[in-house]
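Worksheet for the structure shown next.
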Amino acid sequence: MDLSGANLQFDSFEELAIPLFDQLYNFAHWLTQNRDEAEDLVQETYVKALKGFSSFQLGTNFRAWIYRILRNTFLTSRKGLKVAMTVPLDFDEEEEGPDPAIEHDTPETLLLERSSHELLQKAIDELPVHFREILLLCEVEEMSYQEISETLAVPIGTVMSRLSRARQTLRNQLRPYSQQDAGPRVPRGTTHGL
Amino acid sequence: MVCESWKAQLDTYLDGEGPQEEMRIFDAHVRNCPSCSADALSRVQLKRAIQVAGKRFTPSAEFRKRMQQNMAPKPRRSFRMGWILAAAAAVVLVAGSLTSTYIGNRFGRDQVFSEIADLHVATLASSSPVDVISTDRHTVKPWFQGKIPFAFNLPELQNSEFSLLGGRMTYLEQTPGAHLVYDERKHHISVFVFQERSLPARLSDNAPLPGTLSFNMETWSQGGLRYFVIGDVSAADIDSLAKLFRTAS
């Protein structure tokens, strides 16, 4: 791969894209759950982004644009196709009811008391991909709902409902740890589709 | 029951996404409501924990170095040399201007055709080629609602040799689209539908297909949508299915 000799827009592409390298890699690794595949995904993302940079409108949201490329590249990869095949037909299209009220000894507070950083990572890992990605975009990348909407190409209403369900699913994943002291067993996610 | 309505929106407010005025009222409420403040606290704790736990993977030094090398701009030449090269480039530009558009378009077009073929093959190789499995167009068409930013019609297949197997979402150069799979005498045919304006290359309906393409394919634009019909059946069969779509659209 040679990204260097592309065109006169390279300088601005480099300025925009290089600062996102670590974040994109982190996100890619969460999606692929594999170091080699994450590296390939990031590399392909940069190649595609550079190739398509002429179509990017300066002044618009570059971060959402390049994350979208990464995500779409993942979706068309072998692993991405596999998870996309198992998508529930209407997994987040239905209206959400209000979140159930939280008990005061919540899974999250108990988990945090135990400083179970790794357990939380494992619980995130076990989330279905469509929940994992939206949670990471919101909490780790600190994207606004608008940016997430652009990245995932879904309406803001879907962002809100999917995010709500992702959080609820994560809480449910964590709940067993609030009820048992030992045993690093993370309940499997029911669906791993997109 | 005031708290219930706040709690339903708790995450939205904590994400800083509520309307300004409501955020201010919410803030005042949380300060005076032990139940809501406890909920808010636990959710904020979880948000922070995810934020820390989510920053989990870092690229290896080797990968970082490789990418840096790949992305490093070529060394800049001297100012004088730059002018000489610029002058030479201008000559080349003038000479090439008439052909570059044509070549660029053809390159982009060939790439689109290749990607369509890849998508078709990847789907055939998959153990579950479609996400919505139905022979009923009235089931398949609504499935795409909310998944792709446009609507399209599926043809009536009565008295034809084609049968609908189902559909799935697809992407072509970051553009979402519909992928429908049809069966004709045990041969699978893919029909792709994308928004014309979102595609990376301009395509004409009579564009010659690249010689390397080992499938028969037909493409046309109708109502702002670009259709591709591809498969290993005869060109006449591809054309028959394309005609059915043209009539339905």
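Brief remarks follow.
- Residue pairs meeting the criteria (Cβ under 6 Å; at least 6 apart or on separate chains; first facing chain B (nearest Cβ under 10 Å), in the range A:145-170; second part of a loop (DSSP other than H, G, I, E, B)): A:Tyr145/B:Glu17; A:Ser164/A:Glu96
- Counted residues, the range A:128-144 - those being closer than 22 Å to A:Thr73 by Cβ and either in contact with a Leu (Cβ under 6 Å, 6 or more places away or on another chain) or at the interface with chain B (Cβ under 9 Å from one of its Cβ atoms) (or both): 9
- The range A:33-43 - residue that is farther than 17 Å from A:Thr151 by Cβ and in a helix (DSSP H, G or I) and, of those, nearest to the other protein chains (Cβ to nearest Cβ): A:Glu39
- Leading residue by the ranking (surrounded by the fewest Cβ atoms within 10 Å (Cβ to Cβ)) among those in the range B:54-64 that are assigned to a loop (DSSP other than H, G, I, E, B) and at the interface with chain A (Cβ under 7 Å from one of its Cβ atoms): B:Thr58
- Only a single criterion out of (1) facing chain B (nearest Cβ under 10 Å); (2) at pLDDT below 50; (3) surrounded by fewer than 18 Cβ atoms within 10 Å (Cβ to Cβ) is not satisfied by A:Arg185, namely (1).
- Count of residues meeting criterion [surrounded by 13 or more Cβ atoms within 10 Å (Cβ to Cβ) and either aliphatic (A, V, I, L, M) or at pLDDT below 90 (or both)] in the range A:9-23: 9
- Residues of the range B:30-53 that are in a helix (DSSP H, G or I), more than 7 Å from chain A (Cβ to nearest Cβ), over 40 Å from the mean Cα position of the chain (by Cα) and surrounded by fewer than 18 Cβ atoms within 10 Å (Cβ to Cβ): B:Arg31, B:Asn32, B:Pro34, B:Ser35, B:Ser37.
- Subset of the range A:18-31 [at the interface with chain B (Cβ under 10 Å from one of its Cβ atoms) and either acidic (Asp, Glu) or within 12 Å of the chain's Cα centre (by Cα) (or both)]: A:Asp22, A:Gln23, A:Leu24, A:Tyr25, A:Asn26, A:Phe27, A:Ala28, A:His29, A:Trp30
So that you can scan it fast, the table gives a plain yes or no per residue for (1) touching a Lys or Arg at 6+ places or on another chain (Cβ under 8 Å); (2) under 23 Å from A:Leu120 (Cα atoms); (3) modelled with pLDDT under 85:
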residue	(1), (2), (3)
B:Pro59	no, yes, no
B:Arg66	no, no, no
B:Lys74	no, no, yes
B:Ala89	no, no, yes
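- Scanning the range B:144-198 for residues that are free of Cβ contacts under 8 Å to residues at least 24 places away in the same chain, outside any strand (DSSP E or B) and more than 19 Å from B:Gly231 (Cβ to Cβ), we see that the one that is farthest from the chain's Cα centre (by Cα) is B:Asn159.
- Here the range A:44-60 is the region considered, the condition is being in a loop (DSSP other than H, G, I, E, B) and small (Gly, Ala, Ser), and the residue that is nearest to the chain's Cα centre (by Cα) is A:Gly52.
- Residue within the range B:105-113 that is surrounded by fewer than 16 Cβ atoms within 10 Å (Cβ to Cβ), away from chain A (no Cβ under 12 Å), modelled with pLDDT under 90 and not in a strand (DSSP E or B) present: yes
- Residues in the range B:1-15 that are at pLDDT 85 or above and within 8 Å of chain A (Cβ to nearest Cβ) were compared, and the one that is surrounded by the most Cβ atoms within 10 Å (Cβ to Cβ) is B:Leu10.
- The set of residues in the range A:35-61 that are of a type in the set (Val, Ile, Thr) and surrounded by fewer than 16 Cβ atoms within 10 Å (Cβ to Cβ) contains only A:Thr60.
- Residues satisfying the stated conditions in the range B:226-249, i.e. basic (Lys, Arg) and in contact with a strand residue (DSSP E or B) (Cβ under 7 Å, 6 or more places away or on another chain): B:Arg226, B:Arg246
The values are calculated or read from the model by the stated rules, or taken from the named source; none is laboratory data. None of the values given here were measured: they were computed from a predicted structure. Note that we place each Cβ from the backbone using ideal geometry, even for glycine, and neighbour counts take in every protein chain shown.
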